[in-house]
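Below: one structure, written as structure tokens.
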Amino acid sequence: MLDFAIGFLARGAVMLPTILLMTVGVWLAMKKLGYLRLDHPFNASDMRTWPLSYAAIEATVFGLVFAALAAAFGDSEFSIAIAAGTAALAATGGVPALTSFLRK
């Protein structure tokens, strides 16, 4: 259990700031280039309508799930691919579902 905690904290401490900085940078670049449609109503399935706070939450969920699964499964190529895919599914599937549930 201690190995998992240390692995999770080590991966999370490196990955979360990196993922969040990239998310904010890409979001700001897309806004500057005019690709975002922030004047349209929020739609969880259309990334162009996401406010920065929602994109940051999505990136945080991805980073935390990925760090947890990578710490649990180890560092093989296969396990990292599984962890990344599962984290992407959790972030892109779970966060919009939770958002729609909370908005009701």
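Give me the net charge of residue 64's neighbourhood, meaning all other residues with Cβ under 15 Å from the Cβ of residue 64; Lys, Arg count +1, Asp, Glu -1.
Net charge around residue 64: 0.
Taking the Cα-to-Cβ direction at residue 56 and at residue 38 and moving 7 Å from each Cα, how far apart do the two end points lie in nm?
The answer from the label model is 1.3 nm.
Okay, helix-only estimate at 222 nm for the chain: each DSSP H run of n ≥ 4 adds -39500 (n - 2.57), divide by all residues, round to 500 deg cm²/dmol; what do you get?
After summing the helix terms and dividing by the residues of the chain, the value is -25000 deg cm²/dmol.
Considering the dipole of the chain built from charges on the beta carbon (Lys and Arg +1, Asp and Glu -1) around the Cα centre, which of 95, 21, 41 is farthest to its positive end?
Working it through, the farthest residue towards the positive pole turns out to be 41.
What is segment 61-104 by shape, rounded, prolate or oblate, if you read a ≥ b ≥ c off the alpha carbon gyration tensor as root eigenvalues and call it rounded for a/c under 1.5, prolate for a/b larger than b/c, and oblate otherwise?
prolate
Residue separation times 0.36 nm, minus the C-alpha to C-alpha distance between residue 1 and residue 28: what's the value?
Extra length available between residue 1 and residue 28 comes to 5.8 nm.
What helices in the chain pass both tests, a Cα length along the helix axis of 24 Å or more and a mean Kyte hydropathy of 1.0 or higher, using whole DSSP H runs?
Once both thresholds are applied, what remains is 2-33, 52-73.
Full extension from residue 14 to residue 102: what is 0.36 nm times the residue separation minus their Cα-Cα distance, to one decimal in nm?
28.6 nm
Between (i) 17.0, 48; (ii) 15.2, 50; (iii) 15.3, 47, which entry matches Rg and Dmax of the Cα atoms in Å as derived from the coordinates of this structure?
Here Rg and Dmax of the Cα atoms in Å agrees with entry (iii).
No value in this document is a laboratory result; all are computed from the given coordinates. As the structure is a computational prediction, the values presented were derived from the model and not from experiment. Glycine also receives a Cβ, built like all others from the backbone with ideal geometry; neighbour counts cover every protein chain displayed.
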